[in-house]
Amino acid sequence: MLRPVLRGRDIGRFRANWAGLWLIDTHNGYGKTQPVNVDDYTAVKVYLDQFYPKLDKRQDQGVTPYNLRNCAYHGEFKKEKLLWIDLSEQGRFAYDAGEMFCVNSAYMMTGHSIKYLSTVLNSTLVTWFMRNSALNSGMGTTRWVRFTVERIPIPIVQDKSQQPFIQLMDRISQVTDMEEIKKEKLEAEIDGLVNSLYGLTEAEVQAVTRK
């Protein structure tokens, strides 16, 4: 019932830095999975009982005051996915193949070609595109809200042609925070693949990378 959970600040480029935080997932059932019976988890019930007066007054409770409200996409958290945040100067799409959850300040994407999408969405080109087409905070920070991310034009590439992107994604996910030079080199390789994917000329590449 305990699930690892990410805050917005934990979500970085290509991967997340989990801070060791957990979500008490007293879900209300999904698919063929039955709602959590908190009576089966004595320690959790004792902990939640101290908040029972507030739990009992909730308007969005599940089958019992202990249960969370219905969540149609609960099962999606078990899938390969990308997690990202709203406000960011550049693309910050973290890849996860486990069962990581996130708080409501972050977004989640599941589906096909997730590693390929991670390289494209974290590229300098997409950051440039969003900076010039998406909403901003009013202070200049780009807003990566769902409906603007959905509008990013992503080339459809056959699985075989995705392999160079996937290989770079796998390599960069293994780089530690202490290996900044190595990470920058891999990011440059990803940018090169993405620029070629979109057919950018040298002049266009320079315009995109210009600070």
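The values are calculated or read from the model by the stated rules, or taken from the named source; none is laboratory data. Every value quoted in this text rests on a predicted model; they were computed, and no experiment measured them. So basically every Cβ, Gly included, is an ideal-geometry build from the backbone, and we count neighbours across all protein chains shown. Quick note on the areas: whole protein, heavy atoms, side chains included, nothing else; ligands and nucleic acids left out. Shrake-Rupley method; radii C 1.70, N 1.55, O 1.52, S 1.80 Å.
When the chain is modelled as a GNM with alpha-carbon springs shorter than 10 Å, which of Pro35, Pro155, Pro53 fluctuates the most?
Pro53
Among the trypsin sites (Lys or Arg not before Pro) within segment 130-198, which fall in a DSSP loop and have no more than 13 other Cβ atoms within 10 Å of their own Cβ? Before the final figure, lay out each step's value.
Details: sites: Arg131, Arg143, Arg146, Arg151, Lys160, Arg171, Lys182, Lys183, Lys185; in loops: Arg151.
Those satisfying the criteria are Arg151.
So which chymotrypsin sites (Phe, Trp or Tyr not before Pro) in segment 62-169 end up in coil per DSSP with only 14 or fewer other C-beta atoms within 10 Å? Provide the component values of the computation, followed by the final result.
Values: sites: Tyr66, Tyr73, Phe77, Trp84, Phe93, Tyr95, Phe101, Tyr107, Tyr116, Trp128, Phe129, Trp144, Phe147, Phe165; in loops: Tyr66, Tyr73, Trp144.
Within segment 62-169, the qualifying chymotrypsin sites (Phe, Trp or Tyr not before Pro) (loop, at most 14 other Cβ atoms within 10 Å) are Tyr73.
State the label only: which of (i) 20.2, 65; (ii) 22.4, 66; (iii) 18.6, 61 corresponds to Rg and Dmax of the Cα atoms in Å computed from the shown model?
Only one option fits the structure, namely (i).
Longer than 29 Å from Cα to Cα, which of Lys32/Lys160; Lys81/Lys183; Lys81/Lys182 are they? Say none if no pair is. Could the numbers behind the result be given before it?
On the way: Lys32/Lys160 35 Å; Lys81/Lys183 21 Å; Lys81/Lys182 25 Å.
Flagged as over cut-off: Lys32/Lys160.
What FRET efficiency do you get for Ala97 and Gln34 if R0 is 25 Å and r is their Cβ-Cβ distance, rounded to the nearest 0.05?
Numbers: r = 26 Å, r/R0 = 1.04.
Efficiency, rounded to the nearest 0.05: 0.45.
By the gyration tensor of its Cα atoms, with a ≥ b ≥ c the square roots of the eigenvalues, what is the shape of segment 127-185: rounded for a/c under 1.5, prolate for a/b over b/c, or oblate?
On the way: a/c = 3.21, a/b = 1.34, b/c = 2.39.
It comes out oblate by the Cα gyration axes.
At a Förster radius of 25 Å, what calculated FRET efficiency corresponds to the Cβ-Cβ distance of Ala188 and Glu150, to the nearest 0.05?
Values: r = 27 Å, r/R0 = 1.10.
Between Ala188 and Glu150 the formula returns 0.35.
If you add up the charges near Val126, with Lys and Arg at +1 and Asp and Glu at -1, over every other residue whose beta carbon is less than 12 angstrom from its beta carbon, what do you get? Show your work: numbers first, answer last.
Values: positive: Arg13, Arg92, Arg131, Arg151; negative: Asp191.
Overall, the nearby charge balance is +3.
Write out the GluC sites (Glu not before Pro) in segment 56-125 meeting two conditions: DSSP loop, and at most 12 other Cβ atoms within 10 Å of their Cβ.
Those satisfying the criteria are Glu89, Glu99.
Return the distance in nm (one decimal) between the two label points of a simple spin-label model at Ser173 and Val157, each offset 7 Å from Cα along Cα→Cβ.
For the pair Ser173/Val157, the computed spacing is 1.6 nm.
Suppose R0 equals 41 Å. What FRET efficiency, 1/(1 + (r/R0)^6) with r the Cβ-Cβ distance, do Ala43 and Thr110 give to the nearest 0.05?
Details: r = 32 Å, r/R0 = 0.77.
My answer for the efficiency is 0.85.
So how much slack lies between Leu2 and Gln50, counting 0.36 nm per residue of separation and subtracting their Cα-Cα distance, in nm?
Details: separation 48, 0.36 × 48 = 17.28 nm, distance 1.85 nm.
Extra length from Leu2 to Gln50 when fully extended: 15.4 nm.
Please check: in the Gaussian network model of the chain (C-alpha springs, under 10 Å), which one of Met100, Met139, Met169 has the largest mean-square fluctuation.
Most flexible of the set in this elastic network: Met139.
Over the chain, what is the relative contact order in percent, taking alpha-carbon pairs closer than 8 angstrom and at least six residues apart? Can you show the working numbers first?
Working: 303 pairs, mean separation 40.9, N = 211.
That works out to 19 percent.
Assigning unit charges at the beta carbon (Lys, Arg +1; Asp, Glu -1) and nothing else, what dipole magnitude in debye, to the nearest 20, does the chain show about its Cα centre?
Working: 27 positive and 25 negative charges, 73 e Å.
Here the size comes out at about 340 debye.
Which of these, Gly12, Gly75, Gly91, has the largest mean-square fluctuation under a Gaussian network model of the chain (Cα springs below 10 Å)?
Maximum fluctuation in the GNM of the chain, among the listed residues, is at Gly75.
Would you work out what percent of the accessible area of segment 1-130, with all protein chains in place, is carbon or sulfur (probe 1.4 Å)? Mind showing how you got there, number by number?
Values: 3730 of 6960 Å².
Whole-percent figure for carbon plus sulfur exposure: 54.
Label segment 86-211 by shape, choosing from rounded, prolate and oblate, from the square roots a ≥ b ≥ c of the eigenvalues of the Cα gyration tensor; if a/c is under 1.5 it is rounded, and otherwise prolate applies when a/b is larger than b/c, oblate when it is not.
On the way: a/c = 1.30, a/b = 1.04, b/c = 1.26.
In terms of gyration-tensor shape, rounded.
Is the C-alpha gyration tensor of segment 80-137 telling us rounded, prolate or oblate? Criteria: a/c under 1.5 is rounded; beyond that, a/b larger than b/c is prolate, otherwise oblate.
Values: a/c = 2.70, a/b = 1.40, b/c = 1.93.
The shape class here is oblate.
Rolling a 1.4 Å sphere over the protein heavy atoms, what is the accessible area per residue of segment 35-108, to the nearest Å²? Present the calculation step by step, with values, prior to reporting the outcome.
Values: 4480 Å² over 74 residues.
Ligands and nucleic acids excluded, the figure is 60 Å² per residue.
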